[in-house]
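The values are calculated or read from the model by the stated rules, or taken from the named source; none is laboratory data. Note that the coordinates shown come from a computational prediction; the quantities given were computed from them, not determined experimentally. Note that each Cβ is placed from the backbone with ideal geometry, even for glycine, and that neighbours are counted across all protein chains shown.
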Amino acid sequence: METEDLGSMTAAFDMESIVKPKKVFTITSGIDENKAKEKIESLGAILDNNISVDNLPTHVIASKVSRSEKMLLCIASGRWILHTTYLEDSFKAGKWLQESDYEFGNPENEIIDLTANNNESKMSIAARKQRIALEKGSKAVFSGLITYLALPSQKQLSFLRLIKAGGGTVLEELTTETMKTLTHVITENKYYRSHVEGKAKQLIEYSIPLIQPIYLADFLTNESTPLVENYLVEEYKPLWNKMKEHQTSNRKTRKK
C-alpha cells in the first residue's frame, strides 16, 4: 500500500514538473477585448489587461508596435510581442500555434518590413532580441542602470515602472552618498531649476549625466547604446562639456 501511494505521488510530481506555465495575454488598443477574451479562454489561457511590473503577461497581442507604456514594459521584460493574426489563426486551429511565426521582429516572417528603419521596425527588432537574450540567461536590458528621477511625483510612475521592468534600479534620494552609485539622473528641461539645479555641480563631480526621459526608450530600442551627450538637459550641457574638456586636458597632460 505504501509503495503504491509513493508511486502515485511520484507520478503526480512528474506530471506537474512537465506542465507548461499558463499563457497570460494582454492586448493593445484597437483590439476588441470581448472577442479576444473569448478566443483566449477557449484555448485555456488568460486575458489580463491590468498589467504592472509585478503582474506582467507572457504574451502581447498587437496590431502594431508602439511606444505605449504597456508595450515598452513588455519589451523591457522580454515578453512575446505577437501580431493579432496569432490569436486568429490559433483559434481557427483549435490550439496555440508556434509564436515565432507571428512575432514582431522575426526576419523569417513578413509581419512588418524590418528594413524600414522606423520606430516600429526598431522596436520590433529590440523586442525579439530582448526576449531571446533573457531566455538564454542574459541580464535584463536596464540591469546596471541606477537612476534617480528628478521629476514631479505624478510624472515618475511610468518611468519607474519601465526601469524596474527592465531590471534597473531607481533610488529615492539624491544625496552625496547615493551619487557614489548613481549612473544617471533623469529629468526634463522644464524641471531642471526646480528639481535638480542645486545638485548640478555635485553631479558633475561624480560625472553623472543629467538626461531626458526619451533616453530610456532609445536605450531599450536602439541596436547600440545611445550617447548620453545627445540627451543631456539643455542647461546642464555647459557644465558637462566643461567637465569633458577638463578630463581630456588632464589625459593629455598625463601622456606628456
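Overview of values
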item	result
Filter result for Leu134 (hydrophobic (A, V, I, L, M, F, W, C) and in a helix (DSSP H, G or I))	yes
Residue check, Leu56 touching a residue at least 24 places away in the same chain (Cβ under 8 Å) and outside the structural domain of Gly168 (by TED's automatic domain parsing)	yes
Unmet requirement for Ile163, which otherwise passes all of (1) of a type outside the set (Lys, Arg); (2) more than 21 Å from Leu227 (Cβ to Cβ); (3) not assigned by TED's automatic domain parsing to the domain that holds Ile46	(2)
Evaluation of Ile208 against (1) part of a helix (DSSP H, G or I); (2) more than 29 Å from Phe25 (Cβ to Cβ) (one fails), failing number	(1)
Residue selected from region 216-256 under the condition assigned to a helix (DSSP H, G or I) and in contact with a strand residue (DSSP E or B) (Cβ under 7 Å, 6 or more places away or on another chain), by the criterion nearest to Tyr191 (Cα to Cα)	Tyr236
Candidates Ala217, Ala200, filtered to the one that is touching a residue at least 24 places away in the same chain (Cβ under 8 Å) and either surrounded by fewer than 11 Cβ atoms within 10 Å (Cβ to Cβ) or within 19 Å of the chain's Cα centre (by Cα) (or both)	Ala217
Members of region 141-154 that are touching a helix residue (DSSP H, G or I) at 6+ places or on another chain (Cβ under 8 Å) and not β-branched (Val, Ile, Thr)	Phe142, Leu145, Tyr148, Leu149, Ala150, Leu151, Pro152
Failed condition for Glu188, given (1) surrounded by fewer than 20 Cβ atoms within 10 Å (Cβ to Cβ); (2) more than 21 Å from the chain's Cα centre (by Cα)	(2)
Which listed residue, of Val170, Val185, is touching a Leu at 6+ places or on another chain (Cβ under 6 Å), farther than 19 Å from Glu234 by Cα and either assigned by TED's automatic domain parsing to the domain that holds Met71 or not in a helix (DSSP H, G or I) (or both)	Val170
Any chance Ser68 is touching a Ser or Thr at 6+ places or on another chain (Cβ under 8 Å), surrounded by fewer than 16 Cβ atoms within 10 Å (Cβ to Cβ) and in the same structural domain as Trp96 (by TED's automatic domain parsing)	yes
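Rundown of residues vs (1) surrounded by 14 or more Cβ atoms within 10 Å (Cβ to Cβ); (2) β-branched (Val, Ile, Thr); (3) touching a Gly at 6+ places or on another chain (Cβ under 7 Å); (4) at pLDDT 95 or above, yes/no style:
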| residue | (1), (2), (3), (4) |
| --- | --- |
| Phe104 | yes, no, no, yes |
| Glu110 | no, no, no, no |
| Ala127 | yes, no, yes, yes |
| Gln130 | yes, no, yes, yes |
| Val141 | yes, yes, yes, yes |
| Gly144 | no, no, no, no |
| Leu151 | yes, no, no, yes |
| Leu162 | yes, no, no, yes |
| Tyr192 | yes, no, no, yes |
